[in-house]
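Working notes, beginning with the structure itself.
The values are calculated or read from the model by the stated rules, or taken from the named source; none is laboratory data. Just so it is clear, the structure is predicted and the values come from calculations on it, not from any experiment. Neighbour counts run over all protein chains shown; Cβ positions are idealised from the backbone, glycine included.
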Amino acid sequence: MGKRIVIALGGNAIKQPEEEGKAEEQLKNIQNTAEEIKKIVKAGHEVVITHGNGPQVGSLLIQQEAAKEEVPAMPLDVCGSQTQGQIGYMIQQALREKLEQVEIDNSVISVITQVLVDEDDEAFKNPAKPVGPFYGEKHAKKMIEKKDEDWIEDAGRGWRKVVPSPIPKGILEIDAIKSLVKTGAIVIASGGGGIPVIKHEDGTYQGVEAVIDKDRAGEQLAEEIEADIFMVLTEVPYAALNFNTPEQKNLNVTKVSEMKKYLQEGHFADGSMGPKVESALEFVENGGQKAIITSLDNGLKALNKNNGTIIIPDNCEEFDSSKGYEETLAASNF
Ligand SMILES: Nc1ncnc2c1ncn2[C@@H]1O[C@H](COP(=O)(O)OP(=O)(O)O)[C@@H](O)[C@H]1O
Ligand SMILES: NC(=O)OP(=O)(O)O
């Protein structure tokens, strides 16, 4: 039976780390991504898509800075909205093309999405969300000293500028998104975690300089539209224990309490796998059937039970640990 699935697309579904990020490169990656999403739609599932924007929004900031003497620089919230448009456009075009090839005629539509955040969120004092390209330490130190920017070393991959990343509190366009989903449309929403806005006491809204984590916003979206499954597609096929060490152990089907223990033990890095695992746990704890963390090419296999990290509720009746994962999964209706 088809499930309602929120798919959160990671950075490399759109831009590979070694690429410059030219429009044609990003479109090619999105076409490959659309091919995988097509398989999931063709299998009978109802799909809602969200996506990251870290590389794109960081590049836009660099363009604002470089051209500010000639045309006004746009603030980060406006840049966020631009990335929803550019990535949404590419997904719409690529997915429509792929679906037409197999005679599926669902509409594919992006919703410019604003997400409420708390003005007093501590994240505004501690910028932690990496955006834009990776640089060497020398460049990073120069930007810290000369421009008073915040930079960090990002998980052994190089240095990146960081911006505040407050917790999402609510999706302003949720009613429109729900209505579109009901029509059978494949909706792209909360792109880049949504455009962060605050609401003043007088009822006015204001965009703020931040980038929301798309896995956290995607989890909220999944809860709000009552998705069965929250699926995070990233670079790696599994969340792992002792990641990148000789003792690495990939996690397959894992109960919430087990995963929480691993999280507390510090197996999932802040700013990368950490928010994915936290969001996945939140989804399942708040009533979702299961959350999946895997790589793009494993999406359908993970739905068919034999791949990826699959987080299930503790009280999952279909799970019998005495039988082991493979046998339990083969016997279950998950
Ligand atoms: N325990 C872990 N298991 C698997 N990957 C991990 C783990 N801890 C950190 N990572 C890193 O997290 C990365 C995914 O996070 P990130 O690059 O932020 O994803 P995305 O851009 O796809 O949203 C993986 O490519 C991997 O390098
Ligand atoms: N907004 C966001 O989380 O983007 P990335 O996934 O590209 O970092």
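Determine whether ASP297 is modelled with pLDDT under 90 and touching a helix residue (DSSP H, G or I) at 6+ places or on another chain (Cβ under 9 Å). Against the criterion (modelled with pLDDT under 90 and touching a helix residue (DSSP H, G or I) at 6+ places or on another chain (Cβ under 9 Å)), ASP297 qualifies. If you go through the range 144-160 one residue at a time, do you hit one that is surrounded by 14 or more Cβ atoms within 10 Å (Cβ to Cβ), acidic (Asp, Glu) and farther than 24 Å from ILE198 by Cβ? Yes: the range 144-160 contains one or more residues that are surrounded by 14 or more Cβ atoms within 10 Å (Cβ to Cβ), acidic (Asp, Glu) and farther than 24 Å from ILE198 by Cβ.
Residue-by-condition table, conditions (1) in contact with a Lys or Arg (Cβ under 7 Å, 6 or more places away or on another chain); (2) at positive phi; (3) of a type in the set (Val, Ile, Thr); (4) within 14 Å of ligand 2 (Cβ to nearest atom):
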residue	(1), (2), (3), (4)
GLY191	no, no, no, yes
THR204	no, no, yes, no
ASP213	yes, no, no, yes
LEU221	no, no, no, yes
LEU241	yes, no, no, no
THR245	no, no, yes, no
SER257	no, no, no, no
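Considering the conditions (1) among the hydroxyl-bearing types (Ser, Thr, Tyr); (2) more than 14 Å from ligand 1 (Cβ to nearest atom); (3) in contact with a Pro (Cβ under 7 Å, 6 or more places away or on another chain), SER295 is excluded by exactly one of them, (2). Here the condition is being surrounded by fewer than 16 Cβ atoms within 10 Å (Cβ to Cβ) and either modelled with pLDDT of 95 or more or hydroxyl-bearing (Ser, Thr, Tyr) (or both); of GLY308, GLY287, it holds for GLY287 alone.
The single residue among ILE212, ILE229 that is surrounded by 17 or more Cβ atoms within 10 Å (Cβ to Cβ) and touching a Leu at 6+ places or on another chain (Cβ under 9 Å) turns out to be ILE229. What about ALA8, is it over 24 Å from GLU226 (Cβ atoms) and among the small types (Gly, Ala, Ser)? Taking the combined requirement at face value, the residue does not satisfy it.
Residues considered: PRO127, PRO166. Of these, the only one that is closer than 18 Å to ASP215 by Cα and surrounded by 21 or more Cβ atoms within 10 Å (Cβ to Cβ) is PRO166. Within the range 268-318, the set of residues being in a strand (DSSP E or B) and within 14 Å of ligand 2 (Cβ to nearest atom) comprises just one member, ILE293. Please work out which residue is nearest to ligand 1 (Cβ to nearest atom), limiting yourself to the range 7-24 and to residues that are in contact (Cβ under 8 Å) with a residue 24 or more places away in the chain and not in a loop (DSSP other than H, G, I, E, B). Here the residue is GLY11.
Only one entry of GLN84, GLN92 meets the criterion of being of a type in the set (S, T, N, Q) and under 23 Å from LYS276 (Cα atoms), and that entry is GLN84. Note on the range 125-145: among residues that are of a type in the set (A, V, I, L, M, F, W, C) and within 16 Å of ligand 2 (Cβ to nearest atom), the one that is nearest to SER59 (Cα to Cα) is VAL131. HIS267 fails exactly one of the following numbered conditions: (1) surrounded by fewer than 16 Cβ atoms within 10 Å (Cβ to Cβ); (2) out of contact with any helix residue (DSSP H, G or I) (no Cβ under 6 Å at 6 or more places or on another chain); (3) not polar (S, T, N, Q). What is the number of that condition? Against the list (1) surrounded by fewer than 16 Cβ atoms within 10 Å (Cβ to Cβ); (2) out of contact with any helix residue (DSSP H, G or I) (no Cβ under 6 Å at 6 or more places or on another chain); (3) not polar (S, T, N, Q), HIS267 comes up short only on (1).
With respect to ALA227, determine if the residue is at pLDDT 95 or above, more than 12 Å from ligand 2 (Cβ to nearest atom) and under 19 Å from GLN84 (Cβ atoms). No; evaluated as a whole, the condition is false for this residue.
Can you pull out the residues in the range 151-175 that are closer than 17 Å to GLY218 by Cβ and not polar (S, T, N, Q)? The answer is PRO166, ILE167, PRO168, LYS169, GLY170, ILE171, LEU172, GLU173, ILE174.
Filtered by the rule that a residue be outside any loop (DSSP other than H, G, I, E, B) and either within 12 Å of ligand 2 (Cβ to nearest atom) or without any contact (Cβ under 8 Å) to a residue 24 or more places away in the chain (or both), the range 149-160 gives TRP151, GLU153, ARG160.
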